[in-house]
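Reviewing the structure listed below.
The values are calculated or read from the model by the stated rules, or taken from the named source; none is laboratory data. All figures in this text were calculated on a predicted structure; none of them were measured in a lab. So basically every Cβ, Gly included, is an ideal-geometry build from the backbone, and we count neighbours across all protein chains shown. The area values use the complete protein model at the heavy-atom level, side chains included, leaving out ligands, DNA and RNA. Shrake-Rupley method; radii C 1.70, N 1.55, O 1.52, S 1.80 Å.
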Amino acid sequence: IGAGLMARTVWHFAQVDLGFKVNRLVTGTPSFPHPWRVPEKYMPVTERILTELGELPGAASVGLRANNPLPRRDGRASITLEGRAEPLPAGLVPAGALSVSPEYFATVGVPVINGRAFTDRDRKESIPVAIVNQWAARRWWPDREAIGQTVRVDTGGGTLAITVVGVVANSKAARPNLLLDE
């Protein structure tokens, strides 16, 4: 009976829609030494890794995702939507953001539902842009379109205004996180 229940549980887990394609997907986690953990050092290496992985035989696409905790004030991140005086309630604020390369969504098979994906023009030096998932778009802007809206993130040293340029499908890998570019 125990083996049958275990097999049934494994079968049910295999049927869960993760919101991204897992077949033919290879993932890895580079580990940089502590002194390298500044963008000036790890970004050139990361870009070289992406280029070299893309040149491997059989590699159709490569993408990068990095988890970034959102700054905390009084134990929680503070996000305020444009036109609102109060920050979002704690239950609507993600614990972190994801920095992703322009190819990330296409690589993992997460469709862009509305707006656009990131491009090579979306860099640290350009206007800050974000892509949110459907979960955030529905809850943060229930009465309007998410594209073009501004999200203000309290960074602890000031406020960063970020414009939403895209909405992606929910996935178990990201929900309910706000997806940010580098």
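When the range 63-103 is filtered for residues that are at pLDDT 85 or above and either open to solvent by 80 Å² or more (accessible area, probe 1.4 Å) or over 24 Å from TRP141 (Cα atoms) (or both), the ones remaining, listed by number, are GLU82, GLY83, ARG84, ALA85, GLU86, SER101, PRO102, GLU103. Among the conditions (1) assigned to a loop (DSSP other than H, G, I, E, B); (2) open to solvent by 40 Å² or more (accessible area, probe 1.4 Å); (3) farther than 23 Å from THR159 by Cα, ALA117 misses just one, which is (2). Scan the range 135-150 for residues that are open to solvent by 50 Å² or more (accessible area, probe 1.4 Å) and of a type in the set (A, V, I, L, M) and jot them down. Passing the criteria: only ILE147.
Counting only strands (runs of 3 or more DSSP E) that fall entirely inside the range 35-107 and contain at least 1 residues that are without any contact (Cβ under 8 Å) to a residue 60 or more places away in the chain, the qualifying elements are 65-69. Under the condition of being farther than 22 Å from GLY54 by Cα and either open to solvent by 60 Å² or more (accessible area, probe 1.4 Å) or of a type outside the set (A, V, I, L, M) (or both), the residues counted in the range 120-132 number 5.
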